[in-house]
1. Dipole magnitude of the chain about its Cα centre, charges +1 at Lys/Arg Cβ and -1 at Asp/Glu Cβ only, in debye to the nearest 20?
2. With every atom except the alpha carbons ignored, what do you get for Rg and Dmax of the chain, in angstroms?
3. Solvent-accessible area per residue for segment 93-166 at a 1.4 Å probe radius, Å²?
4. Take the solvent-accessible surface of the protein heavy atoms, probe 1.4 Å, and return the percent of it on the chain that carbon and sulfur atoms account for.
5. Name the most mobile residue of Q114, Q44, Q12, meaning the one with the largest mean-square fluctuation, in a Gaussian network model of the chain with Cα contacts below 10 Å.
6. Counting Lys and Arg as +1 and Asp and Glu as -1, each charge on the Cβ, what is the dipole of segment 76-166 about the Cα centre in debye, to the nearest 20?
7. Which helices pass in the chain if a helix is a full DSSP H run, must span at least 30 angstrom along its long axis by Cα, and must have mean Kyte-Doolittle hydropathy not below -1.0?
8. Search the structure for amide H atoms under 5 Å from the amide H of I92, placed 1.01 Å from N in the peptide plane, and list their residues when 5 or more places away or on another chain.
Amino acid sequence: MAVKGLGQIDQQYDGSKLRIGIIHARWNRSVIDALVKGAIARMQELGVPESSIIVETVPGSYELPYGTKRFVEREKKNGTPLDAVIPIGVLIKGSTMHFEYISDSVTHALMNLQDKVHIPVIFGLLTCMTEEQALARAGIDAAHSMHNHGEDWGACAVEMALKFGP
Ligand SMILES: O=Nc1c(NC[C@H](O)[C@H](O)[C@H](O)CO)[nH]c(=O)[nH]c1=O
(Lines give C-alpha, C1' and ligand atoms only; values in the text may rest on other atoms or scores of the structure.)
Protein backbone atom coordinates (compact mmCIF):
# COMPACT_ATOMS: atom_id res chain seq x y z
CA MET A 1 0.00 0.00 0.00
CA ALA A 2 1.36 3.41 -0.90
CA VAL A 3 2.38 5.28 2.22
CA LYS A 4 3.40 8.56 0.58
CA GLY A 5 1.20 11.60 0.02
CA LEU A 6 -1.07 13.82 2.06
CA GLY A 7 -3.91 11.34 2.28
CA GLN A 8 -7.18 12.52 3.75
CA ILE A 9 -7.01 15.75 5.73
CA ASP A 10 -7.81 15.17 9.39
CA GLN A 11 -11.23 16.83 9.33
CA GLN A 12 -13.69 18.44 6.92
CA TYR A 13 -12.66 22.08 6.74
CA ASP A 14 -15.00 24.91 5.70
CA GLY A 15 -13.12 27.14 3.29
CA SER A 16 -16.12 29.29 2.42
CA LYS A 17 -14.73 32.41 4.09
CA LEU A 18 -11.19 32.07 2.73
CA ARG A 19 -9.46 33.99 -0.03
CA ILE A 20 -6.55 32.06 -1.53
CA GLY A 21 -4.00 33.05 -4.15
CA ILE A 22 -2.32 30.86 -6.73
CA ILE A 23 0.72 32.27 -8.52
CA HIS A 24 2.17 30.01 -11.19
CA ALA A 25 5.15 29.98 -13.50
CA ARG A 26 4.58 29.51 -17.25
CA TRP A 27 7.39 27.06 -18.03
CA ASN A 28 6.20 23.46 -18.71
CA ARG A 29 2.71 24.86 -19.17
CA SER A 30 0.74 21.65 -19.71
CA VAL A 31 1.93 20.32 -16.34
CA ILE A 32 1.37 23.68 -14.66
CA ASP A 33 -2.20 23.91 -15.94
CA ALA A 34 -3.06 20.44 -14.58
CA LEU A 35 -1.57 21.29 -11.17
CA VAL A 36 -3.45 24.61 -11.00
CA LYS A 37 -6.69 22.91 -12.04
CA GLY A 38 -6.22 20.27 -9.34
CA ALA A 39 -5.55 22.86 -6.63
CA ILE A 40 -8.64 24.89 -7.63
CA ALA A 41 -10.87 21.80 -7.77
CA ARG A 42 -9.79 20.61 -4.32
CA MET A 43 -10.25 24.05 -2.75
CA GLN A 44 -13.74 24.29 -4.26
CA GLU A 45 -14.53 20.85 -2.80
CA LEU A 46 -13.58 22.37 0.57
CA GLY A 47 -15.98 25.25 0.07
CA VAL A 48 -13.72 27.99 -1.25
CA PRO A 49 -15.78 29.99 -3.79
CA GLU A 50 -14.20 30.23 -7.27
CA SER A 51 -14.37 34.02 -6.96
CA SER A 52 -12.15 33.77 -3.86
CA ILE A 53 -9.37 31.94 -5.68
CA ILE A 54 -7.12 34.57 -7.29
CA VAL A 55 -4.72 33.37 -9.99
CA GLU A 56 -1.55 35.29 -10.97
CA THR A 57 1.37 34.22 -13.17
CA VAL A 58 5.12 34.85 -13.53
CA PRO A 59 7.49 33.85 -16.36
CA GLY A 60 9.39 31.11 -14.54
CA SER A 61 9.97 29.44 -11.16
CA TYR A 62 12.87 31.76 -10.38
CA GLU A 63 10.36 34.66 -10.31
CA LEU A 64 8.05 32.91 -7.83
CA PRO A 65 9.51 34.25 -4.55
CA TYR A 66 9.49 37.92 -5.55
CA GLY A 67 6.22 37.57 -7.47
CA THR A 68 4.55 35.89 -4.49
CA LYS A 69 5.69 38.59 -2.07
CA ARG A 70 4.41 41.39 -4.31
CA PHE A 71 1.17 39.48 -5.05
CA VAL A 72 0.40 39.13 -1.31
CA GLU A 73 1.30 42.79 -0.67
CA ARG A 74 -0.86 43.98 -3.59
CA GLU A 75 -3.92 42.08 -2.41
CA LYS A 76 -3.45 43.39 1.13
CA LYS A 77 -3.08 46.98 -0.16
CA ASN A 78 -6.28 46.56 -2.21
CA GLY A 79 -8.20 45.59 0.91
CA THR A 80 -8.67 42.02 -0.33
CA PRO A 81 -6.00 40.15 1.68
CA LEU A 82 -5.14 36.53 0.97
CA ASP A 83 -5.42 33.90 3.72
CA ALA A 84 -2.85 31.64 2.03
CA VAL A 85 -0.90 31.55 -1.23
CA ILE A 86 0.21 28.64 -3.43
CA PRO A 87 3.24 29.34 -5.65
CA ILE A 88 3.33 26.67 -8.41
CA GLY A 89 6.32 25.91 -10.63
CA VAL A 90 7.71 22.94 -12.54
CA LEU A 91 11.46 22.54 -12.83
CA ILE A 92 12.75 19.75 -15.06
CA LYS A 93 16.43 18.86 -15.01
CA GLY A 94 18.25 19.87 -18.20
CA SER A 95 21.86 19.36 -19.21
CA THR A 96 23.24 22.15 -17.00
CA MET A 97 23.29 22.98 -13.28
CA HIS A 98 20.51 25.60 -13.82
CA PHE A 99 17.94 23.20 -12.35
CA GLU A 100 19.87 22.64 -9.11
CA TYR A 101 20.50 26.32 -8.49
CA ILE A 102 16.91 27.39 -9.13
CA SER A 103 15.38 24.46 -7.19
CA ASP A 104 17.48 25.08 -4.09
CA SER A 105 17.26 28.87 -4.03
CA VAL A 106 13.54 29.08 -4.80
CA THR A 107 12.74 26.43 -2.17
CA HIS A 108 14.55 28.35 0.57
CA ALA A 109 13.16 31.69 -0.59
CA LEU A 110 9.56 30.43 -0.53
CA MET A 111 9.97 28.87 2.91
CA ASN A 112 11.47 32.08 4.34
CA LEU A 113 8.79 34.21 2.67
CA GLN A 114 6.23 33.10 5.27
CA ASP A 115 7.98 35.18 7.93
CA LYS A 116 7.69 38.24 5.67
CA VAL A 117 4.13 37.91 4.39
CA HIS A 118 2.67 36.31 7.56
CA ILE A 119 0.36 33.93 5.73
CA PRO A 120 0.97 30.28 4.79
CA VAL A 121 3.06 29.90 1.62
CA ILE A 122 2.43 26.38 0.30
CA PHE A 123 5.31 24.61 -1.44
CA GLY A 124 4.07 24.00 -4.99
CA LEU A 125 7.41 23.55 -6.75
CA LEU A 126 7.88 20.27 -8.64
CA THR A 127 11.58 19.51 -9.07
CA CYS A 128 11.73 16.64 -11.56
CA MET A 129 14.57 14.74 -13.15
CA THR A 130 12.41 13.85 -16.20
CA GLU A 131 9.29 15.03 -18.01
CA GLU A 132 7.63 11.74 -17.12
CA GLN A 133 8.06 12.47 -13.40
CA ALA A 134 6.39 15.87 -13.88
CA LEU A 135 3.49 14.47 -15.91
CA ALA A 136 2.89 11.72 -13.34
CA ARG A 137 2.79 14.17 -10.42
CA ALA A 138 0.24 16.29 -12.23
CA GLY A 139 -1.88 13.18 -12.77
CA ILE A 140 -1.63 13.42 -16.57
CA ASP A 141 0.69 10.54 -17.40
CA ALA A 142 -1.67 7.62 -18.00
CA ALA A 143 1.10 5.03 -17.76
CA HIS A 144 2.29 6.08 -14.31
CA SER A 145 -0.53 8.31 -13.19
CA MET A 146 -0.06 9.39 -9.62
CA HIS A 147 -2.05 11.69 -7.44
CA ASN A 148 -2.29 15.23 -8.82
CA HIS A 149 -0.07 17.07 -6.34
CA GLY A 150 -2.02 20.27 -7.02
CA GLU A 151 -4.96 18.77 -5.11
CA ASP A 152 -2.75 18.22 -2.06
CA TRP A 153 -1.54 21.83 -2.23
CA GLY A 154 -5.12 23.10 -2.37
CA ALA A 155 -6.11 21.07 0.70
CA CYS A 156 -2.95 22.18 2.51
CA ALA A 157 -3.70 25.85 1.82
CA VAL A 158 -7.22 25.57 3.27
CA GLU A 159 -6.06 23.71 6.39
CA MET A 160 -3.15 26.04 7.09
CA ALA A 161 -5.25 29.16 6.50
CA LEU A 162 -7.98 28.01 8.89
CA LYS A 163 -5.64 26.71 11.60
CA PHE A 164 -2.92 29.36 11.53
CA GLY A 165 -4.49 32.33 9.73
CA PRO A 166 -4.14 35.92 11.07
O1 LIG B 1 15.32 26.39 -17.04
N2 LIG B 1 14.36 25.76 -16.74
C3 LIG B 1 13.22 26.21 -16.11
C4 LIG B 1 12.97 27.57 -15.79
N5 LIG B 1 13.86 28.54 -16.15
C6 LIG B 1 13.53 29.95 -16.19
C7 LIG B 1 13.77 30.65 -14.86
O8 LIG B 1 12.82 30.20 -13.89
C9 LIG B 1 13.61 32.17 -15.02
O10 LIG B 1 12.30 32.46 -15.47
C11 LIG B 1 14.61 32.76 -15.99
O12 LIG B 1 15.92 32.34 -15.62
C13 LIG B 1 14.58 34.29 -16.02
O14 LIG B 1 14.79 34.81 -14.73
N15 LIG B 1 11.85 27.93 -15.13
C16 LIG B 1 10.94 26.98 -14.77
O17 LIG B 1 9.90 27.31 -14.16
N18 LIG B 1 11.15 25.66 -15.05
C19 LIG B 1 12.25 25.24 -15.71
O20 LIG B 1 12.40 24.02 -15.93
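The values are calculated or read from the model by the stated rules, or taken from the named source; none is laboratory data. The shown structure was predicted, so the numbers you read here are calculated from the model rather than taken from an experiment. Positions of Cβ are generated from backbone atoms using ideal geometry, with glycine treated the same way; all protein chains shown enter the neighbour counts. Accessible surface areas use protein heavy atoms only, side chains included; no ligands, DNA or RNA. Shrake-Rupley method; radii C 1.70, N 1.55, O 1.52, S 1.80 Å.
1. Details: 16 positive and 19 negative charges, 87 e Å.
That gives a dipole near 420 debye.
2. 15.2, 47
3. Numbers: 4060 Å² over 74 residues.
Accessible surface, normalised per residue, equals 55 Å².
4. Numbers: 4990 of 9040 Å².
Answer for the chain is 55 percent, counting heavy atoms of protein chains only.
5. Result for the chain, Cα springs under 10 Å: Q12 fluctuates most.
6. Details: 6 positive and 10 negative charges, 83 e Å.
Dipole about the Cα centre, nearest 20: 400 debye.
7. On the way: long enough: none.
Qualifying helices, which must be both long enough and hydrophobic enough, do not occur.
8. Under 5 Å from the amide H of I92: C128.
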